[in-house]
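Colleague: Structure incoming, see below.
None of the figures in this text is laboratory data; all of them are computed from the coordinates on show. All values derive from a computational prediction rather than experimental measurement. Glycine gets a Cβ as well: all are built from the backbone with ideal geometry, and neighbour counts include every protein chain shown.
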Amino acid sequence: MVNWTRICRVEDIPRLGSRRVARSGATDVAVFRAADDHVFALLDKCPHKGGPLSQGIVFGHSVACPLHNWTIELASGEARAPDVGCAARFAVKLEGGEVFLDAAELAAK
Amino acid sequence: MKKLRLVLVGNGMAGVRTLEELLKIAPDLYEITVFGAEPHPNYNRILLSPVLAGEQTVEQIVLNPLDWYAEHGITLHLGKTVVGVDRQRRIVTASDGKGGEVLAEYDRLLLATGSKPFILPVPGKDLEGVIAYRDIADTEAMIDAAARFPHAVVIGGGLLGLEAANGLAKRGMKVSVVHLMPWLMERQLDDVAGGLLRKSLEERGLQFHMGAQTECLLGNDDGRVRALKLKDGTELPADLVVMAAGIRPNTELALKIGLHCANEGRGGIVVTDTLQTVTDPRIYSVGECAAHRGIAYGLVAPLFEQGKVCATHLAEFGIGRYTGSQVSTKLKVTGIDLFSAGNFAGGEGTEEVVLSDPYAGVYKKLVIKDDKLVGACLYGDTVDGSWYFKLLRDARNVNDIRDRLMFGESNIGDTGHQGHSKAASMADSDEVCGCNGVNKGSICKAIKEKGLFTLDEVRKHTKASASCGSCTGLVEQLLMFTAGGDYSKAPAKKAMCGCTDTSHQEARDAIKAHKLLTIDGVYRALNWRTPNGCASCRPAINYYLISTWPKEALDDPQSRYINERSHANIQKDGTYSVIPRMWGGETSSSELRRIADAVDKYQIPTVKVTGGQRIDLLGVKKEDLVNVWKDIGMPSGHAYAKALRTVKTCVGSEWCRFGTQDSTQMGKDLERALWRMYAPHKVKLAVSGCPRNCAESGIKDVGVIGVDSGWEIYVGGNAGIKTEVAHFFCKLKTPEEVLEYSGAFLQLYREEGWYLERTVHYIARVGLDHVKKKVLDDHEGRKSLWARLQFSLDGEPDPWFEHEKAAVDTRQFTPVGVL
């Protein structure tokens, strides 16, 4: 049984943009909103040099890291070839316009 | 839905490249079947010469290993020759030569049957030991013969023949070259360069018979060739005869199935600009077998350009036309440098610039017509080949650089990274790309092993020139040296990014012509392939919209790079830097006190004086940005933006005993008139009060130097990646004129520049004459440019204080949730 934690309303995240969820003692989690209102969550840390993905430009279902322009797929966290690497992925639930993250995952990852 | 069926006949470079392009854009559209007559997967035919010369192995030149075909679900029939096509029922029939047949149905058929060597119709042509030079089998036969026999004759002193002769000589054979024409490589070189080439090949032990015609080939009792007899009666001993007297498009199959083939020129399957055969639109043809506008190309770059266009049509995008290619040539004989492109022979209406130093073995000829470079022929020193080729393809007006053209790109001030301009003379361990730490060796290795042909591919695989781009010229040279002259040069019209085939200029034009006001509108009107672009095209389009339609098009912060979205500069650890504006580099005790207090209050770790006469606060947390701005209470310095940065000044006549003009006041006035000005790239100004030029005006986008009688204006300088001295632009009398002329120049740049193009590159592209015409000669035009800039800037908000008006989403400064 997943313990979903409410984070925000989907409108709180700019379309083609991202917001950060701050965690004490752990790296932030970035929540992204695509143009089609799909919502994704990744660890806010590029697998390349640790850049904050939440600050990148979102396009399609991808984000470009603001530091060195690696493209990260939002659904999988995988870097687009030929770059290799993966940002940790978090489960997201979108229900009634509200965004939820998995509490257990937020505590563990 | 059932997939469409695509059958490719010809498993060579052109056909397979077309498939690669197709799979990139429409990976699931077709069920693909490939027929190849050779028993090998697709390999790099260009590199057969290094294989023959023993510099590479056959395995090393394979471009698409068998795994690649499997990975993409392609059915591959190797060693099967297509013998017929039933165009009514759309069935291809192939034979394995042993009575076995394979059938394949198609919806689209792609013919890439390549070319066939031209075999001289002389007696003895069927003797054993007489071969062409076309594929791996020929190459292996030559290597085998070199191990067993002493004498070889190559018929044909063209590119292929000389590479064959060189390879055989390197394998220990005594080689004679028989050439019909008076000098070598007459299709690529003029008589002088051809003569130099002959001399240097003779020094390597090759023998030449020029203007010589082959009478017949003589055999021994075993049916193997033993000699070649010339028309004049001379007999040349030959255990191996290589026919390299040219190639002809392989149209055997096309003719058999009733496709229209050209009779003119070298022949070929006649195709349209969409690479469809004129006879049957279901059948496409690319590569050496295709005749496009009367030309059947024999070099790889045009074939790849054809492949790209063909793929977009196969993918049903219906966009892109192939309109022909410019080609350049380089001989792949190690140690011999020659390069030719375009109309190197000159002729009616052309002028020639020639440099000849027979002792050093250097010869260069440039052919100019109507102020444009139309041809180049270089021997001995080909460092600038890629540069000349670029000038030629871009059809750039070279009038302004004509006197220095012969001395190459490095003489135009474009010295390349770290002063390197000659890729050939660099050691493998020398760094080419300073941003990503890539050395020459690893770039060459990637080009060879991964079969890279384009700058883009090299960037993707090695990261070289993928960041600041200053080493692009070097990387292009390496491509040319490593892949031969056949590498695919970035076309003159370059797509903005992978989302579109639209170029920057076309996007600008469309936005203006159709009054497009939104990014979505642009993407729809120009048929973008992606729904909301990418991190490369979206910021560019956003800039084009707001610069073309000020006060009408809305700025979209989500389409701006993070620095321009948060109005601060992101640092490697995710913190930001804050640089407040100090007009003309002047500050005061109260400003310094507020800055000092903010540094203490927000525990800002580093305070640094910048090169632009301002103060940089580094390591500010994003959450603190708004408060830091507020506490400091100074305007945004836009140090994070593609916009006006600083106006650097010296103290000028107010204090300096040498000062002739009040440069500080001039600088402040310029900065107040121009701040908040977004531009294609960052813009830096400087004003010096006398010719000692303490503000370094010579390396700024606009540099102003006060002299006793007024002000000198310089444009297009750059202190960055490549130091570039600004061009003298004009001399003016009054400060009002300085404002008007500088503003008009910058507005022209804002309206015509491509995104991320600095003024230096903009001027290099359009020519200084163009800029002078618009700003200096056309008085009305200048005044209206200046008026348009003032209109654009009027009432523009300071993003540090007027958040709503500047469309700053302040939610970004706080986390959406805290756990």
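Colleague: Helix-derived [θ] at 222 nm for chain B: sum -39500 (n - 2.57) over DSSP H runs of at least 4, divide by residue count, nearest 500? If you can, show how the numbers build up before the last one.
Modeller: Numbers: 24 runs with 239 residues, N = 819.
-8500 deg cm²/dmol, from helical runs alone.
Colleague: Work out Dmax and Rg for the protein assembly as shown from the C-alpha atoms and quote the Rg first, both in angstrom.
Modeller: 31.9, 105
Colleague: At 7 Å along the Cα-to-beta-carbon direction for both B:Leu355 and B:Lys445, put a label point, then send me their distance in nm to one decimal.
Modeller: 3.5
Colleague: Compute the acute angle (0 to 90°) between the alpha-carbon long axis of helix B:300-314 and the principal axis of greatest extent of the alpha-carbon atoms of chain B; round to the nearest 10°.
Modeller: 80
Colleague: Another question, if that's okay. Just to confirm my numbers, what's the Cα centroid distance between the stretch B:311-383 and the stretch A:56-109 in Å?
Modeller: If we compute the Cα centre of each part, the gap is 48 Å.
Colleague: Still on this model: Would you mind giving the mean number of other chain beta-carbons within 10 Å of the Cβ of each residue in B:452-464, as a whole number?
Modeller: On the way: counts 0, 0, 0, 0, 0, 1, 0, 0, 3, 2, 1, 3, 0.
What the average comes to for B:452-464 is 1.
Colleague: If you don't mind, another one. Run down the lysines and flag those whose C-alpha is under 18 Å from the C-alpha of B:Lys512, throwing out any fewer than 8 positions away in its chain.
Modeller: Reachable lysines: B:Lys551.
Colleague: What order do you get for B:693-700, B:799-806 when each peptide is scored by the mean count of other beta carbon atoms within 10 Å, highest first?
Modeller: Values: B:693-700: 21.4, B:799-806: 16.5.
Packing order, densest peptide first, comes out as B:693-700, B:799-806.
Colleague: Another one. Where does the charge balance sit around B:Pro65 when Lys and Arg score +1, Asp and Glu -1, over other residues with C-beta under 14 Å from its C-beta?
Modeller: Details: positive: B:Lys450; negative: B:Glu20, B:Glu59, B:Asp67, B:Glu71, B:Glu449.
Result for the neighbourhood of B:Pro65: -4.
Colleague: What is the local net charge at A:Ala26, summed over the other residues whose Cβ is closer than 11 Å to its Cβ (Lys, Arg +1; Asp, Glu -1)? Write down the numbers at each step before the final one.
Modeller: Details: positive: A:Arg23, A:Lys45, A:Lys109; negative: A:Asp28, A:Asp44.
Around A:Ala26, the charge tally is +1.
Colleague: Inverting the mean 1/r over all pairs of different Cα atoms, compute the Kirkwood radius of the stretch B:643-797 and quote it in Å.
Modeller: Working: mean 1/r = 0.0659 Å⁻¹.
Evaluated on the stretch B:643-797, it is 15.2 Å.
Colleague: At 7 Å along the Cα-to-beta-carbon direction for both B:Ala147 and B:Lys572, put a label point, then send me their distance in nm to one decimal.
Modeller: 5.4
Colleague: Between the stretch B:514-593 and the stretch B:101-161, what's the alpha-carbon centroid distance in Å?
Modeller: So the two Cα centres are separated by 58 Å.
Colleague: Between B:Leu63 and residues 5 or more places away or on another chain, which pairs have amide H atoms under 5 Å apart, with H built 1.01 Å from N, and which residues are they?
Modeller: Placed amide hydrogens put B:Tyr43, B:Asn44 under 5 Å from B:Leu63.
Colleague: Under 17 Å between alpha carbons, and skipping anything fewer than 8 positions from B:Lys125 in its own chain: which aspartates and glutamates qualify?
Modeller: Reachable aspartates and glutamates: B:Asp138, B:Glu215, B:Asp221, B:Asp222, B:Glu235, B:Asp239.
Colleague: So, R0 is 41 Å and r is the distance between the beta-carbons of A:Lys49 and B:Lys772; what FRET efficiency does that work out to, to 0.05?
Modeller: Working: r = 45 Å, r/R0 = 1.09.
Computed FRET efficiency for A:Lys49 and B:Lys772 comes out at 0.35.
Colleague: Further question on the same structure: Summarise the long-distance tail of P(r) for the stretch B:130-245 by giving the % of C-alpha pairs beyond 18 Å. Display every interim value, and only then the final one.
Modeller: Details: 3053 of 6670 pairs.
More than 18 Å apart: 46 percent of the Cα pairs in the stretch B:130-245.
Colleague: Using 0.36 nm times the number of residues separating B:Thr587 and B:Phe728, minus their current alpha carbon distance, what extension gain do you get?
Modeller: Values: separation 141, 0.36 × 141 = 50.76 nm, distance 3.07 nm.
The span from B:Thr587 to B:Phe728 would gain 47.7 nm if fully extended.
Colleague: Using a 10 Å cut-off around each Cβ of peptide A:12-20, what is the average number of partner chain Cβ atoms that fall inside? All intermediate terms of the calculation are to be shown ahead of the outcome.
Modeller: Details: counts 3, 2, 6, 2, 8, 6, 3, 7, 8.
Partner Cβ neighbours, averaged per residue: 5.
Colleague: Let me ask something else about it. For A:24-37, what's the mean count of beta carbons from other chains sitting within 10 Å of each residue's beta carbon?
Modeller: Values: counts 2, 0, 1, 0, 6, 4, 1, 2, 0, 1, 2, 4, 2, 0.
Other-chain Cβ atoms within 10 Å of each residue's Cβ, averaged: 2.
Colleague: What number in nm² do you get for the stretch A:4-108 if you take the convex hull of its Cα atoms and divide its surface by four? Present the calculation step by step, with values, prior to reporting the outcome.
Modeller: Working: hull surface 24.1 nm².
Average of the hull's projected areas for the stretch A:4-108 equals 6.0 nm².
Colleague: Give me the Debye-computed log₁₀ of I(q)/I(0) at q = 0.12, 0.18, 0.26, 0.27 Å⁻¹ for the stretch B:363-414, equal point scatterers on Cα only, no solvent, two decimals.
Modeller: Ignoring solvent entirely, the Cα scatterers give -0.21, -0.49, -1.09, -1.18.
Colleague: Write down Rg/Rh for chain B, rounded to two decimals, with Rg from the C-alpha atoms and Rh from the Kirkwood relation over Cα pairs. List each step's numbers first, then the result.
Modeller: On the way: Rg = 31.4 Å, Rh = 30.2 Å.
That ratio is 1.04, to two decimals.
Colleague: Using mean Cβ contacts within 10 Å as the protection proxy, how do B:733-739, B:90-96 order, highest first? Walk me through the numbers on the way to the answer.
Modeller: Details: B:733-739: 15.3, B:90-96: 17.6.
Put in order of decreasing packing, that is B:90-96, B:733-739.
Colleague: At A:Arg6 and B:Phe407, where each label point lies 7 Å from the Cα along Cα→Cβ, what is the point-to-point distance in nanometres?
Modeller: 7.4
Colleague: Please go through the residue pairs B:Lys116/B:Lys364; B:Lys372/B:Lys772; B:Lys390/B:Lys774; B:Lys642/B:Lys731 and name each one whose alpha carbons sit more than 22 Å apart in this structure.
Modeller: On the way: B:Lys116/B:Lys364 33 Å; B:Lys372/B:Lys772 19 Å; B:Lys390/B:Lys774 26 Å; B:Lys642/B:Lys731 28 Å.
In this structure, B:Lys116/B:Lys364; B:Lys390/B:Lys774; B:Lys642/B:Lys731 exceed 22 Å between Cα atoms.
Colleague: Can you give the relative contact order of the stretch B:130-245 as a percent, counting alpha carbon pairs under 8 Å and 6+ residues apart? Walk me through the numbers on the way to the answer.
Modeller: Working: 228 pairs, mean separation 39.1, N = 116.
Relative contact order, the stretch B:130-245: 34 percent.
Colleague: Same structure again: Hey, could you get me the Stokes-Einstein D for the stretch B:120-195, Kirkwood radius over alpha-carbon pairs, 37 °C and 0.692 mPa s, rounded to whole µm² s⁻¹?
Modeller: Numbers: Rh = 13.3 Å.
Calculated translational D: 248 µm²/s.
Colleague: No other cysteine beta carbon under 4.7 Å away is the test; run it over chain A and list who passes.
Modeller: Unpaired cysteines in chain A: A:Cys8, A:Cys86.
Colleague: Efficiency by 1/(1 + (r/R0)^6): what FRET value for B:Asp28 and B:Asp520, r their Cβ-Cβ distance, R0 = 30 Å, to the nearest 0.05? Could you put the intermediate results ahead of the total?
Modeller: On the way: r = 26 Å, r/R0 = 0.88.
Between B:Asp28 and B:Asp520 the formula returns 0.70.
Colleague: Please turn the phi angles of the stretch B:763-774 into ³J(HN,Hα) values with the Karplus equation 6.51 cos²θ - 1.76 cosθ + 1.60 (θ = phi - 60°), one per residue in order, whole Hz, x for glycine and proline.
Modeller: Result, rounded to whole Hz: 5, 4, 6, 8, x, 5, 4, 4, 5, 5, 4, 6.
Colleague: Oh, and also: Using the per-residue mean of other Cβ atoms lying within 10 Å as a proxy for protection, in what order, highest first, do the peptides B:280-292, B:616-628 fall?
Modeller: Details: B:280-292: 25.4, B:616-628: 18.5.
Sorting B:280-292, B:616-628 by mean packing, highest first, produces B:280-292, B:616-628.
Colleague: Quick one: length gained pulling B:Glu101 to B:Ala395 fully straight, 0.36 nm per residue minus the C-alpha distance?
Modeller: Length gained, B:Glu101 through B:Ala395: 100.7 nm.
Colleague: In addition: Are any of the pairs B:Lys622/B:Lys805; B:Lys2/B:Lys450; B:Lys621/B:Lys648; B:Lys24/B:Lys445 more than 30 Å apart by Cα-Cα distance, and if so, which? Can you show the working numbers first?
Modeller: Numbers: B:Lys622/B:Lys805 20 Å; B:Lys2/B:Lys450 34 Å; B:Lys621/B:Lys648 28 Å; B:Lys24/B:Lys445 24 Å.
From the list (B:Lys622/B:Lys805; B:Lys2/B:Lys450; B:Lys621/B:Lys648; B:Lys24/B:Lys445), the Cα-Cα distance tops 30 Å for B:Lys2/B:Lys450.
Colleague: I'd like the orientation of helix B:440-449 relative to chain B: the angle between its Cα long axis and the longest Cα principal axis, in ° from 0 to 90, rounded to 10.
Modeller: Compared with the principal axis, the helix lies near 50 degrees.
Colleague: What does the charge count around B:Gly268 come to, taking other residues whose C-beta lies under 14 Å from its C-beta (Lys +1, Arg +1, Asp -1, Glu -1)?
Modeller: Counting the neighbours of B:Gly268, the net charge comes to +1.
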